[in-house]
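The values are calculated or read from the model by the stated rules, or taken from the named source; none is laboratory data. Quick caveat: nothing in here was measured; it's all calculated off a predicted structure. Methodologically, a virtual Cβ is constructed for each residue, glycine included, from the backbone with ideal geometry; neighbour enumeration extends over all protein chains shown. Quick note on the areas: whole protein, heavy atoms, side chains included, nothing else; ligands and nucleic acids left out. Shrake-Rupley method; radii C 1.70, N 1.55, O 1.52, S 1.80 Å.
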Amino acid sequence: MPERLEHRIRYLFTDVDDTLTWQGRLPVETFVALDRLQRAGIQVIPVTGACAGWCDCIARTWPVSAVIGENGAFWIQPDDRGTMKRTYRQPLVERTRNRALLQRLQQRLSTQHDFARPTDDQPYRETDIAFDIGQQWQASREERERLLTLLHQAGVQARLSSIHINAWLGDYDKASTAQAWLEQEAARSGQPISTHEVAFIGDSGNDAAMFAHFPYSVGVANIAPFLDSLPHPPRYITSASGGFGFAEFVERLLK
């Protein structure tokens with residue numbers, strides 16, 4: 001990381017698990033960094049594979065402008081009256097049909113393979129399915145790769161994060177929804193948003209689309225195991241891991 005950034009960042013997209021958190025917890029350093037960004041007028045938008053219920057909690061209680069959830073399926077953002085609104089990438093009929101197909105797929109895989117374990121947050125998901133590979137249960141590298149192969153063979157999109165494998169039906173991902181959110185904000189303000197004003201920070205293969213889409217990208221130190229599999233690695237890597245790496249980047253950004 002350089003001591004100072006060459007452009008003034010106005011929008012910071014960030015992954016959540018193992019980017020804002022570390023070892024399953026949110027460090028106080030992370031929350032203080034988020035508060036400092038908000039006070040400096042920099043909009044923070046978490047972009048996560050986390051479930052809709054968790055995203056709703058983040059949007060309501062953290063110092064962030066919006067939350068993009070379930071790998072780009074929707075964003076949650078307060079309107080001008082402060083009421084939380086959800087904007088989906090797919091209409092309700094399509095989401096309902098896809099949800100039923102995905103639930104049948106999850107049931108089949110979890111019945112046939114003992115390493116295909118649904119996440120505990122599955123009841124709070126609206127548009128995808130998720131398998132636990134590093135949160136409550138540690139899957140081996142071979143089991144992770146096998147599960148990804150099975151999901152791709154079933155014709156769904158699947159991404160590997162540090163704790164989950166998420167799968168969904170649809171042509172959206174984290175990056176395309178982040179771009180859609182930026183276009184909405186530009187339309188609302190009547191001012192274009194330059195790519196030089198946007199940064200992203202993440203930690204795993206689930207962030208590959210974001211690293212490829214945004215030129216100013218950062219990985220926290222624990223991204224190291226994923227680097228060989230990333231077609232577009234982050235431009236910079238912090239020296240610290242997880243939320244501590246996030247706080248390190250914020251120090252540079254606020255300079």
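Computed quantities for the displayed model
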quantity	calculated
Flag for residue 161 being within 17 Å of the chain's Cα centre (by Cα), of a type in the set (Ser, Thr, Tyr) and modelled with pLDDT of 95 or more	no
Residue 19 being in contact with a Gly (Cβ under 6 Å, 6 or more places away or on another chain), within 19 Å of residue 202 (Cα to Cα), part of a loop (DSSP other than H, G, I, E, B) and assigned by the TED database to the domain that holds residue 208	yes
Candidate set from the stretch 18-49 (those that are small (Gly, Ala, Ser) and in contact with a Lys or Arg (Cβ under 9 Å, 6 or more places away or on another chain)); member that is farthest from residue 134 (Cα to Cα)	41
Hits in the stretch 228-255 (condition: more than 17 Å from the chain's Cα centre (by Cα) and either among the charged types (D, E, K, R) or at pLDDT below 95 (or both))	228, 229, 231, 235, 248, 251, 252, 253, 254, 255
Filter result (farther than 23 Å from residue 72 by Cβ, open to solvent by 30 Å² or more (accessible area, probe 1.4 Å) and touching a Gly at 6+ places or on another chain (Cβ under 7 Å)) within the stretch 24-40	29
Strands (runs of 3 or more DSSP E) within the stretch 41-150 that include 2 or more residues modelled with pLDDT of 95 or more and open to solvent by 50 Å² or more (accessible area, probe 1.4 Å)	84-88
